[in-house]
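**Student:** Submitted below is the structure of interest, expressed as structure tokens.
Quick note: the coordinates plus some simple rules give every number you see, no bench work behind them. What you are looking at is a predicted structure, and each value in this text was computed from that prediction instead of being measured. In this analysis, Cβ positions are derived from the backbone assuming ideal geometry, glycine residues included, and neighbour counts consider all displayed protein chains.
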Amino acid sequence: MSARVAGVLLAAGDGSRLGQPKATVRVGGKSLAGLGVALLRAGGADPVVVVTGAAGVDLPGVSTVHNPRWREGMGSSFAAGLAAVPADCDAAVIALADQPLVGAASVRRLIAAFAAGSGVAVAAYAGQPRNPVLLAREHWAEATDLAAGDVGARPFLRAHPELVTLVECGDTGRPDDIDTPDDLVRIAGLLAEDV
């Protein structure tokens with residue numbers, strides 16, 4: 001039986017610089033949470049868990065977990081998301097709701113790296129590690145312990161560089177964040193070009 005890889009979408013923030021919770025921001029008729037779920041699913045992650053906080057989301061066929069500590073930053077959402085993954089999943093791909101340009105191919109490549117034996121796979125763009133990130137279950141406890149404030153997997157990845165497989169994804173997408181209204185306009189334009 002092949003390994004099950006879940007998707008975890010971190011979508012809890014209030015988007016303070018954007019002026020609205022990122023999960024509910026609409027781009028091209030879809031919410032950022034919906035776009036994130038779609039890219040995880042299209043990349044082969046199943047099931048998909050969405051971590052909410054500042055705003056709820058209602059997406060069909062998706063497990064949602066509310067992070068009551070979302071104001072503390074991404075670390076608490078990272079922990080809440082991994083804790084909500086079903087016990088029969090062997091790994092999880094963690095993605096951010098505010099990076100809709102990363103593309104499903106990055107998720108597919110991370111899952112392929114896991115299938116080939118890598119327990120920690122990180123999407124890279126021009127050689128620079130970014131998101132999404134895949135972690136095998138055996139690393140979740142330590143990664144969760146090290147996550148704090150506004151960082152998720154980064155402290156674990158820095159503590160264990162020997163475990164990390166960088167997976168180049170610069171040809172499949174971009175890790176641009178939506179943090180400000182200007183970012184939203186620019187990225188909405190790029191998404192429209194891809195359609």
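**Student:** Can you name the helices of the chain, as whole DSSP H runs, whose Cα span along the helix axis is 30 Å or more and whose Kyte-Doolittle mean is not below 1.6?
**Tutor:** Qualifying helices: none.
**Student:** Find how much the distance from GLU168 to GLN20 grows on full extension, using 0.36 nm per residue of separation minus their present alpha carbon separation; answer in nm with one decimal.
**Tutor:** Answer, rounded to one decimal: 50.1 nm.
**Student:** What nm value, rounded to one decimal, do you get for the distance between ALA42 and GLU142 when each label is placed 7 Å out toward the C-beta?
**Tutor:** Between ALA42 and GLU142, the simple spin-label model gives 3.5 nm.
**Student:** Moving to a separate point now. Work out the length of the dipole vector of the stretch 5-194 about its Cα centre, built from +1 on the beta-carbon of each Lys and Arg and -1 on the beta-carbon of each Asp and Glu, and round it to the nearest 20 debye.
**Tutor:** About 180 debye.
**Student:** Once you've got the GNM for the chain with C-alpha springs shorter than 10 Å, pick whichever of LEU40, LEU184, LEU110 has the biggest mean-square fluctuation.
**Tutor:** Looking only at LEU40, LEU184, LEU110, the biggest GNM fluctuation is shown by LEU184.
**Student:** How far apart, in nm, are the 7 Å Cα→Cβ label points at ALA192 and ASP150?
**Tutor:** 2.9
**Student:** How far apart, in nm, are two points set 7 Å out from the Cα along the Cα-to-Cβ line at ALA112 and at GLU72?
**Tutor:** 3.8
**Student:** If you build a Gaussian network model of the chain, linking Cα atoms that sit under 10 Å apart, which residue out of ALA92, ALA11, ALA38 swings the most?
**Tutor:** ALA38
**Student:** Given (i) 16.3; (ii) 17.1; (iii) 19.0 as candidate values of Kirkwood radius over Cα pairs in Å, which corresponds to the one derived from the coordinates?
**Tutor:** This structure yields the entry labelled (i).
**Student:** Given the options ARG17, ARG71, ARG174, which has the most mean-square fluctuation in a GNM of the chain, springs set between C-alpha atoms less than 10 angstrom apart?
**Tutor:** ARG17
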